[in-house]
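Below you'll find the structure, written out as structure tokens, and then a few comments.
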């Protein structure tokens, strides 16, 4: 034990005064290489946590909202283009993605403490969870929706009269955003009793 303590003390001394033992060039190169390794590991972990497989690894997601997604056009459709969990819930741009990941770190506490571990707990909090997500999408002008759906490429003549009117006026002018009309587009709506307009 004393030998280990002495060894740790010696290494700590090296770390406190590295220039005595190593050249500045060696330290710079070592820092550069360590930075590349750190960045590679960080980016790999970030991308691994940005997959549908990662999202549904929690039974809370797999058994509740993912089951609902399977019945929607976002999961299976005539064109074969499918939106996965991160497509709708994680921004594509790096800075927004990091901000969302930090925001989502609160959800880890929910997993650890079992906030929605059972179907009943999930249903009891469903409206609150949905309202948080709707507010996030409203605040960022439905950024994730617009990754795939773009007004510039919409053919309004192939839409219903109501959809064409909404898309070509209030939504295109920035008076509203996708989530204002499309709540429940990929997941079932929670109990909306008492909400104006529902």
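The values are calculated or read from the model by the stated rules, or taken from the named source; none is laboratory data. Source: prediction; values computed, not measured. Using ideal geometry, Cβ is built from the backbone for each residue, glycine included, and neighbour counts are taken over all protein chains shown.
Residues of the range 30-65 being surrounded by 12 or more Cβ atoms within 10 Å (Cβ to Cβ), outside the structural domain of residue 124 (by TED's automatic domain parsing) and more than 16 Å from residue 104 (Cα to Cα), which ones? Matches in the range 30-65: 30 only. The residue list 105, 160 contains one member that is out of contact with any helix residue (DSSP H, G or I) (no Cβ under 8 Å at 6 or more places or on another chain), loosely packed, with under 13 Cβ neighbours inside 10 Å and closer than 19 Å to residue 185 by Cβ, which is 160. Of the candidates 140, 124, the single residue that is in the same structural domain as residue 67 (by TED's automatic domain parsing), over 21 Å from residue 87 (Cβ atoms) and modelled with pLDDT of 90 or more is 124. When the range 144-155 is filtered for residues that are more than 15 Å from residue 83 (Cα to Cα), loosely packed, with under 14 Cβ neighbours inside 10 Å and in contact with a helix residue (DSSP H, G or I) (Cβ under 8 Å, 6 or more places away or on another chain), only 151 remains. Scan the range 111-122 for residues that are touching a residue at least 24 places away in the same chain (Cβ under 8 Å) and in a helix (DSSP H, G or I) and the total you get is 3.
Within the range 171-190, the set of residues being more than 14 Å from residue 138 (Cβ to Cβ) and without any contact (Cβ under 8 Å) to a residue 12 or more places away in the chain comprises 173, 184. Looking only at the range 60-76, residues that are part of a helix (DSSP H, G or I) and without any contact (Cβ under 8 Å) to a residue 40 or more places away in the chain come to 4 in all.
Can you work out which of the residues in the range 77-92 that are surrounded by 11 or more Cβ atoms within 10 Å (Cβ to Cβ) and free of Cβ contacts under 8 Å to residues at least 12 places away in the same chain is nearest to the chain's Cα centre (by Cα)?
Only one residue fits best here, namely 82.
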